[in-house]
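Participant: Right, I'll just put the structure down here and ask away after.
Just so you know, all these numbers are worked out from the coordinates, no wet-lab data involved. Quick caveat, the model's predicted, so the values are computed rather than measured. Note that we place each Cβ from the backbone using ideal geometry, even for glycine, and neighbour counts take in every protein chain shown.
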Amino acid sequence: MFTKKCVLFLGLTLAVAGLALGEGIEMRLFSVGTRAIGWFANGTSHAVTGLQIGFDQPVTLVGKLEIGGSFQNVTGTDTAAEFLFQGSLAKMGFVELRWEPVEAKPILVMWLVGEKPAGRPYFATVPMLVKLLSSGLVHVRDADPEAFTTLLTTFFTVNPTLADSLAQLGLTPQILTGMLMVAPAEGIENLLLTLVTSFGLTTVEDFMGALDWSLIFEALGL
């Protein structure tokens, strides 16, 4: 059993070491018996109001502790593959979560301020990254459709080889833009997953290296 003093000591150690300052997530994973333990530090430059975390399989949460704030699980259940916690957590505060089965691993960890991402999230799989991008694109589009169109146009400009790649699938930038302008988040997610599969982008490293995503990530607050 990890005590509050033990967790507080870890938090002070992370702060002294200066880990992930101004970045977003600093994560440490451990196991004790049949339980996995995760420590998630708020390395952003400000307080956050939410934590979204997804796993590679359904898990059951068996413990939670915060230093520097308080979060409530608003998912509605303690057993799921993805959870949302809401409340407040100070800069360099952190959350300890314990879950079963022990072999389950986080594939998405993201701080939130309101509904917007705060700092740099952690994502471990292409499907989870695509889901994150799809949801963010819909928020940007619904907030300002004209700015969203400009964003896509500029994205194609800074990635001139993308048009040729799409042409191999019978698509054009104009057709893809039209789809993205009307599709719901689930539709955009399915569309992007189809494209990345067709392009053979099976790892996060492949995905990030294939195109210049800086404009998209900046627009989404990532």
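Participant: For the chain, report the translational diffusion coefficient in µm²/s to the nearest whole number, using Stokes-Einstein at 4 °C, 1.567 mPa s, and a Kirkwood Rh over Cα pairs. Present the calculation step by step, with values, prior to reporting the outcome.
Facilitator: Values: Rh = 18.8 Å.
It diffuses with D of about 69 µm²/s by this estimate.
Participant: At 222 nm, what value in deg cm²/dmol follows for the chain if DSSP H runs of at least 4 each add -39500 (n - 2.57) and the sum is divided by all its residues, to the nearest 500? Please list the in-between numbers first.
Facilitator: Values: 8 runs with 89 residues, N = 222.
Roughly -12000 deg cm²/dmol at 222 nm, from the helical runs in the chain.
Participant: Quick one: grab the alpha carbon gyration tensor of the stretch 127-219, order the square roots of its eigenvalues as a ≥ b ≥ c, and give me rounded if a/c is under 1.5, else prolate or oblate depending on whether a/b is larger than b/c.
Facilitator: Details: a/c = 1.36, a/b = 1.20, b/c = 1.13.
Judged from the Cα gyration tensor, the stretch 127-219 comes out rounded (a/c under 1.5).
Participant: Taking H as built 1.01 Å from N, whose amide H comes closer than 5 Å to the amide H of Glu26, not counting residues under 5 places away?
Facilitator: Ala41, Gly43
Participant: Would you kindly state how much longer the chain becomes between Thr150 and Asp78 on full extension, computed as 0.36 nm times their sequence separation minus their alpha carbon distance, in nm to one decimal?
Facilitator: In short, 21.8 nm is gained.
Participant: Let me ask something else about it. Taking θ = phi - 60°, what integer Hz values does the Karplus form 6.51 cos²θ - 1.76 cosθ + 1.60 yield along the stretch 64-74, in sequence order, with x for Gly and Pro?
Facilitator: Running phi through 6.51 cos²θ - 1.76 cosθ + 1.60 with θ = phi - 60° gives 8, 8, 10, 10, x, x, 8, 10, 10, 6, 9 Hz.
Participant: Next question. Could you run the Karplus curve 6.51 cos²θ - 1.76 cosθ + 1.60 with θ = phi - 60° over the stretch 37-52 and give me ³J(HN,Hα) per residue in whole Hz, x for Gly and Pro?
Facilitator: Each residue's phi maps through the Karplus curve to give 10, x, 10, 10, 9, 7, x, 6, 8, 7, 5, 10, 10, x, 9, 10 Hz.
Participant: Would you check the chain for Lys pairs whose C-alpha atoms are within less than 29 Å, ignoring same-chain pairs closer than 8 in sequence, and give me the count?
Facilitator: Taking the chain as the scope, the lysine pair count is 16.
Participant: Work out the FRET efficiency for Thr172 and Val204 from their Cβ-Cβ distance, taking R0 = 30 Å, and round it to the nearest 0.05. Write out the running numbers ahead of the final one.
Facilitator: Details: r = 27 Å, r/R0 = 0.90.
The pair Thr172/Val204 has a calculated efficiency of 0.65.
Participant: Indicate the gyration tensor shape class of the stretch 57-185 (rounded, prolate or oblate), computed on the Cα atoms with a ≥ b ≥ c the square roots of the eigenvalues: a/c under 1.5 is rounded; otherwise a/b larger than b/c is prolate and the rest oblate.
Facilitator: Numbers: a/c = 2.77, a/b = 2.03, b/c = 1.36.
Because a/c hits 1.5 or more and a/b exceeds b/c, the stretch 57-185 counts as prolate.
Participant: While we're on this one: Which value in nm describes the separation of the simple spin-label points at Asn159 and Lys116, placed 7 Å from the Cα toward the beta carbon?
Facilitator: Distance between the two pseudo-spin positions: 2.3 nm.
Participant: Mind checking the stretch 95-203 for chymotrypsin sites (Phe, Trp or Tyr not before Pro) that DSSP puts in a loop (not H, G, I, E or B) and that have at most 14 other Cβ atoms within 10 Å?
Facilitator: The qualifying sites: there are none.
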